[in-house]
Amino acid sequence: MNAAVPDGFGETLAKDAPDVSIAEALAILRRHYGLIGTARPLPGERDHNFHIRTEGEGEFVLKVSHPAEEAGFTDFQNKALDHILAVDPTLPVPLVRRSLEGNAQFMVSLSGSAPRIIRLVSYLPGQLLSRSPASAAQDRNLGIFLARLGRALRGFFHPAAGSDLLWDIRKVAKTRPMMAHIVDGGRRAIVERAIDAFEEHAAPVIPKLRAQIVHNDMNTYNVVMDASRPEVVGGILDFGDMIHSPLICDLAIGAVYRWPAEGHPLAPAARFVAGYQSVQPLEVEEIGILFNLIRARLALIVNITTWQAERFPAKRDYVLRHAAEVWTSLERLDGLSSADARHYFLDHSNPE
């Protein structure tokens, strides 16, 4: 099947970036930061990232942006992290490390590539949420953390916050052509129903809701937990999908990754929402479309990652790392009506 580039699909996702070697990463580290250490490549969707261990200066993540990335968007991330630090310094997020020249970011020409934006941020220790055992306390604590993060970003704005990002739930209908890459007809129909429900129930309400800059990607590979206490949040990573969006969209994304367990499929998500509401109460209209936003995010994941897996076979395992959980969620949630889901959230997601 021809994996053509869909209309409106940004180059940072539609085109692969030339590789960056460990030697190149270490040379950047030494020349621009005066640091010596080791570098280990980290997986990523768009950028090339390296886990840096230095001699006496701690651990960092060196971020080499995709050649098509705009400097304004990485500046957006830098300034957001600085803002969070100023507003809530106890919130564990990466800290921006300036270069020897005092720059939060700069351009470097690498072999076989257009100039790339370079940044260095602190490394957050802990265990990825994807590898941590789930619990009711964890569900709630993650919701509390996301609400705190939203509050810390509440007064922040940047011109790049209006970027056209396909990982925006509100754009899910634009990914309909990608459904052609879903081979199974039954599964394709489930995704189509999720998008139809979003357009019917959520899309008309969204313009009326409160909005601000949000993280927009609280998935299980972007959160670290305390290694010895897996219910305690150790920090959140990767601000590369930040956007100005309704608060409820940010909450829905985090709720998606509280995968359905035994019992009611929305039980973990409801605990997550309860934790969120203990810090940031939701409005009735927001709760009313939460279920449709969750299903829309699942549809977005399936459509984009199925397309990416075909276009970039070398990244197949990485982009499909959530595939089993996503399909299980879509199938279980497909059996719920929007009205029943709304009532469940109203009855089970109130803060204790």
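The values are calculated or read from the model by the stated rules, or taken from the named source; none is laboratory data. Please read all numbers here as calculations on a predicted model, not as lab measurements. Every residue, glycine among them, receives a Cβ derived from its backbone with ideal geometry; neighbour counts consider all protein chains shown. For accessibility, only protein heavy atoms count, side chains too; no ligands or nucleic acids. Shrake-Rupley method; radii C 1.70, N 1.55, O 1.52, S 1.80 Å.
What is the magnitude of the charge dipole of region 167-248 about its Cα centre, with +1 placed on the Cβ of each Lys and Arg, -1 on the Cβ of each Asp and Glu, and no other charges, expressed in debye to the nearest 20?
Charge dipole, region 167-248, about its Cα centre: 260 debye, nearest 20.
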So the angle from the long Cα axis of helix 323-333 to the longest Cα principal axis of the chain, reported in degrees to the nearest 10, equals 20 degrees
Taking Cα pairs under 8 Å and at least six residues apart, what relative contact order does the chain come out at, in percent? 18 percent
Long-range amide H partners of Leu42, meaning residues 5 or more apart or on another chain whose placed amide H is closer than 5 Å, are Asn49, Phe50, His51
Per-residue HN-Hα couplings for region 139-152, Karplus 6.51 cos²θ - 1.76 cosθ + 1.60 at θ = phi - 60°, whole Hz, x for Gly and Pro? 3, 5, 5, 5, x, 4, 4, 5, 5, 4, 5, x, 5, 5
Long-range amide H partners of Gly234 with built H, under 5 Å: Val224, Met225, Asp226
Counting sequence-distant residues (5 or more places) and residues on other chains, those with an amide H built under 5 Å from that of Ser245 are Gln212, Ile213, Val214
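Need one word for region 12-132: rounded, prolate or oblate. Basis is the Cα gyration tensor (sqrt eigenvalues a ≥ b ≥ c); a/c below 1.5 gives rounded, then a/b vs b/c decides.
On the way: a/c = 1.31, a/b = 1.23, b/c = 1.06.
Here region 12-132 falls in the rounded category.
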Qualifying trypsin sites (Lys or Arg not before Pro) in region 131-198, DSSP loop, other Cβ atoms within 10 Å at most 16: Arg154
Roughly to the nearest percent, how much of the accessible area of region 259-319 is carbon and sulfur, given a 1.4 Å probe? 53 percent
For region 123-199, which whole-number percentage of the solvent-accessible area (1.4 Å probe, protein heavy atoms only) is attributable to carbon and sulfur atoms? 54 percent
Given N residues in region 78-156, what is Rg(Cα) / (2.2 N^0.38 Å)? 1.43
Go through region 247-252 residue by residue and turn each phi into a ³J(HN,Hα) via Karplus (6.51, -1.76, 1.60, θ = phi - 60°); whole Hz please, and just put x for glycine and proline. 3, 5, 5, 4, 5, 4
So what's the back-of-envelope 222 nm ellipticity for the chain, counting only DSSP H runs of four-plus at -39500 (n - 2.57) apiece and dividing by all residues, rounded to 500? -12500 deg cm²/dmol
Which of rounded, prolate, oblate describes region 223-305, given a ≥ b ≥ c as roots of the alpha-carbon gyration tensor eigenvalues and a/c under 1.5 marking rounded, otherwise prolate only if a/b is larger than b/c? rounded
Enumerate the lysines that Lys63 could reach by cross-link, defined here as Cα to Cα under 19 Å, with residues fewer than 8 away along the same chain left out. Lys15, Lys79, Lys315
³J(HN,Hα) across region 291-302 via Karplus (A = 6.51, B = -1.76, C = 1.60, θ = phi - 60°), whole Hz, x for Gly/Pro? 4, 5, 5, 4, 5, 5, 5, 4, 5, 4, 4, 4
1.4 Å probe accessible area per residue over region 129-285, in Å²: 38 Å²
With unit charges on the beta carbon (Lys/Arg positive, Asp/Glu negative), name the residue among Leu81, Ser99, Ser111 whose Cα is farthest towards the positive pole of the charge dipole of region 61-188. Leu81
Would you calculate the separation in nanometres between label points at Thr90 and Asp196, each defined as 7 Å from the Cα along the Cα-to-beta-carbon direction? 4.9 nm
Which of rounded, prolate or oblate describes region 125-210 when judged by the alpha-carbon gyration tensor and an a/c cut-off of 1.5? oblate
How many angstrom separate the Cα center of region 255-333 from the Cα center of region 36-80? 27 Å
Taking the Cα centre of each part, how many Å lie between region 82-127 and region 178-225? 29 Å
